1. Please work out which residue is nearest to the chain's Cα centre (by Cα), limiting yourself to the range 160-171 and to residues that are under 19 Å from Y1 (Cβ atoms) and open to solvent by 10 Å² or more (accessible area, probe 1.4 Å).
2. M233 - would you say it is within 16 Å of G192 (Cα to Cα) and among the hydrophobic types (A, V, I, L, M, F, W, C)?
3. For the range 172-185, state whether one or more residues are out of contact with any strand residue (DSSP E or B) (no Cβ under 9 Å at 6 or more places or on another chain), in contact (Cβ under 8 Å) with a residue 24 or more places away in the chain, open to solvent by less than 80 Å² (accessible area, probe 1.4 Å) and not in a helix (DSSP H, G or I).
4. Please list, ordered by first then second residue, the pairs with beta carbon atoms under 8 Å, 6 or more apart or interchain, first in the range 126-144 and under 24 Å from M233 (Cβ atoms), second among the β-branched types (V, I, T).
5. Suppose we filter the range 112-156 for residues that are in contact with a His (Cβ under 7 Å, 6 or more places away or on another chain) and not polar (S, T, N, Q); how many remain?
6. Hey, G178 hits all of (1) modelled with pLDDT under 95; (2) of a type outside the set (K, R); (3) closer than 29 Å to L36 by Cα but one; which does it fall short on?
7. Here are some residues: I19, I23. Which one is open to solvent by less than 80 Å² (accessible area, probe 1.4 Å), modelled with pLDDT under 95, farther than 22 Å from G122 by Cα and among the β-branched types (V, I, T)?
8. Within the range 19-59, how many residues turn out to be without any contact (Cβ under 8 Å) to a residue 12 or more places away in the chain and of a type in the set (G, A, S)?
Amino acid sequence: YAHGLDGVINQQSGKLEGILNGIDVDLYDPAKMEGLAANFTAKAPVKGKAACKAALQQAVGLEENPDIPLVACVSRLVGHKGFSMVTDAIHDIMGLGTKGVQMVVLGTGDWQYEEAFRHAQGQYPGRFSAQLTYSAPLSNMIYAGADMFLMPSISEPCGLSQMIAMRFGTIPIVRETGGLKDTVFPYNKFTGEGRGFTFADINANDMLWVIREAVDLYFNDKDAWKKLQQSGMTADFTWNNSAKQYLDIYQRICG
């Protein structure tokens, strides 16, 4: 994704090192954030997230149903964020599970994606919500109230949204690129380990496959789902780790 600079970058690879961003864990704290329907912690997320989900469904015009999984996107609606895959698979996504799913998209961007999501809202009333605007309060409601957070980026140097989603117990579904691969470890059904669901290829069918896996787990194994939530909510995404890496690089340069 270097637009012709990959040769130069590879030649200078010994001078390059990647450091993940951090997030403000005090600002994005589900136990203290104002404006949520309920606050909650990693030890007891269920009731709080249920209240946040109901408030979100009401706010964006979705049917208030605690049993249907709610998939969310908060993003600029542009090509490199992977939205061609989403629009290609939107009808298949909405048909997943025995009861179907709900979906909310928040953001603005290229007209073709905005139009596709407007059309989906008309096709799936009460199940699909297109919020084609920018709203920090609504984004916080989505992080807290959604069950899954879809982020199928073509390129993503680091990404903050997946970290914020995990902080609020919302399970990320991401493509394995850049910082998404570094922060979202795929769910292992044999060990129960992981933080979310991932796919590697830029392919709508592969994306759909892992969304289906997430929906199946949501319906069929509540204990494993809760363990995934707690894994993300207790992960260390503070700036402390990043700051230590910056200091380490500085000290190595200075000898």
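The values are calculated or read from the model by the stated rules, or taken from the named source; none is laboratory data. As the structure is a computational prediction, the values presented were derived from the model and not from experiment. Neighbour counts are summed over all protein chains in view; Cβ atoms, including those assigned to glycine, are modelled from backbone coordinates with ideal geometry. Calculation scope for accessible area: heavy atoms of the full protein, side chains included, ligands and nucleic acids excluded. Shrake-Rupley method; radii C 1.70, N 1.55, O 1.52, S 1.80 Å.
1. Only one residue tops the list, namely S161.
2. In short, yes.
3. Yes, the range 172-185 contains at least one residue that is out of contact with any strand residue (DSSP E or B) (no Cβ under 9 Å at 6 or more places or on another chain), in contact (Cβ under 8 Å) with a residue 24 or more places away in the chain, open to solvent by less than 80 Å² (accessible area, probe 1.4 Å) and not in a helix (DSSP H, G or I).
4. L138/V60; S139/V74; I142/V74; I142/V104; Y143/V74; Y143/I164; Y143/T170; A144/T170
5. Total satisfying the criteria: 1.
6. Unmet for G178, out of (1) modelled with pLDDT under 95; (2) of a type outside the set (K, R); (3) closer than 29 Å to L36 by Cα: (3).
7. It is I19.
8. Number of matching residues: 2.
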